[in-house]
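Quick one: structure below, then a few questions.
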Amino acid sequence: MVGSENTFDIAGLTAEQRLRLAGDPGTAPGLLQSLAQYYPQTRVAVAGNPAAYPALLHWLSGLGDPSVSAAVTARLHSPAPPPPPPPMGGFIPNAAPVGSGPGPGGPDGPTLGEPGTPGTQPLAAPRAKRRRLVVWAGVAAVVVVALVVGVVVFRTVTAPHSATHVAATVTVGKNPQLMAVARDGSIYVTNFGEPGTVSVIKGDRVSTTINVGKGPVGAAVAPDGTIYVTNSGGNTVSVIKGDRVSTTINVGKGPVGATVALDGSVYVANSSDQTVSVIKGDQVRTTINVGTSPQVLSAAPGGSVYVTNAGDGTVSVIKGDQVSTTINVGKNPLCVAVAPDGTVYVANNADGTVSVIKGDQVSNTINVGKKPLGVAVAPDGTVYVANNDDGTVSVIKGDQVSTTINVGKKPSGVAVARDGTVYVANYDDGTVSVLR
């Protein structure tokens, strides 16, 4: 179920059915919110729906999508409803009674008179004014309540949320591995199997497929939107700009993971020669020795880069162009992710645990599923771990697993978008599970 007003599963509808629902003026506001939030292809229809409330329109206009913004503008500037018909036969509904005489009520007190008679005026005018004031006060109160509700709903729509279920499944290339989230919300998925491609997911579908090198594994996004993809079979990194490979960079042997540091430098873990290549511009500037069989990297807010060394059960911490410290973790550590507060999470594939690192030492060890591989941290601090052997994702809140979600076969990589949507690459069935 998506949203409290739903009486059915939106994810179970066809794209055409969702579009009809988005454009139907009788659709409940909660359903419109869910459609706009979770199904981008419905946003133009939602923006044009008369039932779309102001806060939702405001949120839609801020997404930066030209077609959605145009629909919002058209909706806000649509012609006003026609005025009511003129009074019939001179009768004005709800008119106040009138009296006669030169002054209020006339010299002889209130009397009934004919509308329009010279010297007459409405004796009940003060009462009518009070009635109007009461009406306008009621309207003002309704407007204030609507604004408050709108703000609350707007915050609900825009706030990151924890994923609880599989909302969609997207078919990608062969043997998807790891993923990266671009600033515009696009998801780049490396497909390890031949011929070696990257699937670009926008919304809940693949918008394009890009050919890269042999055996692509890792992906990272630079601040300017450039994508770096490691090709483990070709010892290269493909640089993607605007849905095409602009250049290819030679690195070490067996490159696996990649990450981008705060200064824009790209760090690549070379699993076969125990090194990390540091790319600046379009070439390798530095090579750093790390542990045995380095796998995946993650850059911390403070500038440090964490590298998992699967062969010796450690994590190398790189500061600048050298290893500043080495931390012992679990067996066969594969993936690593850094939370916004600097906490580091390491998936230990051989012992089914996640090591929690704070201040360059392991502060806690959490049991998860079988053969954990991918790990990612959401904006709200929730941690998602892909368990490769049992087809699940462990959801960690605090220092324990709060729930487990079934996904596809052999889940490998995990990525979290800014709105809290979670993407899980399922290696064996060539799909990506979308969790919301």
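The values are calculated or read from the model by the stated rules, or taken from the named source; none is laboratory data. Keep in mind that what you see is a predicted model, and the values were worked out from it rather than measured. Quick reminder, even Gly has a Cβ in these numbers, built from the backbone with ideal geometry, and neighbours come from all protein chains shown. Surface areas here come from the heavy atoms of the whole protein model, side chains and all, with no ligands, DNA or RNA. Shrake-Rupley method; radii C 1.70, N 1.55, O 1.52, S 1.80 Å.
How large is the convex hull of the C-alpha atoms of the stretch 322-376 per residue, in Å³?
84
If packing is taken as the average number of other Cβ atoms within 10 Å across a peptide's residues, how do 283-291, 318-326 rank, most packed first?
For the peptides 283-291, 318-326, the packing ranking is 283-291, 318-326.
Name the shape class, rounded, prolate or oblate, that the alpha-carbon gyration tensor gives for the stretch 333-436, where a ≥ b ≥ c are the square roots of its eigenvalues, rounded holds for a/c under 1.5, and otherwise prolate holds if a/b is larger than b/c and oblate otherwise.
oblate
Which entries of LYS319/LYS371; LYS370/LYS397; LYS241/LYS358; LYS202/LYS241; LYS319/LYS397; LYS241/LYS410 show an alpha-carbon separation above 24 angstrom in the structure shown?
Exceeds cut-off: LYS319/LYS371; LYS241/LYS358; LYS319/LYS397; LYS241/LYS410.
Rounded, prolate or oblate: pick one for the stretch 200-242, where a ≥ b ≥ c are the square roots of the eigenvalues of its C-alpha gyration tensor, a/c under 1.5 means rounded, and failing that, prolate if a/b is larger than b/c, else oblate.
Here the stretch 200-242 falls in the oblate category.
Just to verify a number: FRET efficiency for ASP399 and ASP351, C-beta to C-beta distance, R0 = 22 Å, to 0.05? Don't jump to the answer; show the numbers that get you there.
Details: r = 17 Å, r/R0 = 0.78.
Efficiency, rounded to the nearest 0.05: 0.80.
Which percent of the accessible area of the stretch 185-257 is formed by carbon and sulfur heavy atoms (probe 1.4 angstrom)?
Here carbon and sulfur together make up 44 percent of the probe-accessible area.
Let me ask another. Percent of accessible area on the stretch 281-345 owned by carbon and sulfur, 1.4 Å probe?
On the way: 1010 of 2620 Å².
Carbon-and-sulfur percentage of accessible area, whole number: 39.
Could you calculate the contour length gain from ARG244 to THR286, that is, 0.36 nm times the residue separation minus the distance between their Cα atoms, to one decimal place in nm?
Difference between extended and current length: 12.5 nm.
Give me the accessible area per residue for the stretch 284-436, probe 1.4 Å, as a whole number in Å².
Result: 37 Å² per residue.
Under 11 Å from a point placed 7 Å out from the Cα of THR164 along the Cα-to-Cβ direction: which residues of the stretch 405-436 have their backbone N that close?
Taking a point 7 Å out along Cα→Cβ of THR164, the residues of the stretch 405-436 whose backbone N falls under 11 Å are 436.
On a C-alpha basis, how far is the centre of the stretch 287-332 from the centre of the stretch 196-275 in Å? Whole number, if you could?
Between the Cα centre of the stretch 287-332 and that of the stretch 196-275, the gap is 19 Å.
Rounded, prolate or oblate for the stretch 281-408? Axes are the square roots of the Cα gyration tensor eigenvalues, ordered a ≥ b ≥ c, and the cut-off for rounded is a/c under 1.5.
Verdict is prolate for the stretch 281-408.
How far is it, in nm, from the label point at ASP312 to the one at ALA28 when both lie 7 Å from their Cα along the line to the Cβ?
That separation, rounded to one decimal, is 5.9 nm.
Please give the length that would be gained between ASP389 and SER67 if that part of the chain were fully extended, namely 0.36 nm times their separation in residues minus their C-alpha to C-alpha distance (nm, one decimal).
Values: separation 322, 0.36 × 322 = 115.92 nm, distance 4.28 nm.
Computed gain between ASP389 and SER67 is 111.6 nm.
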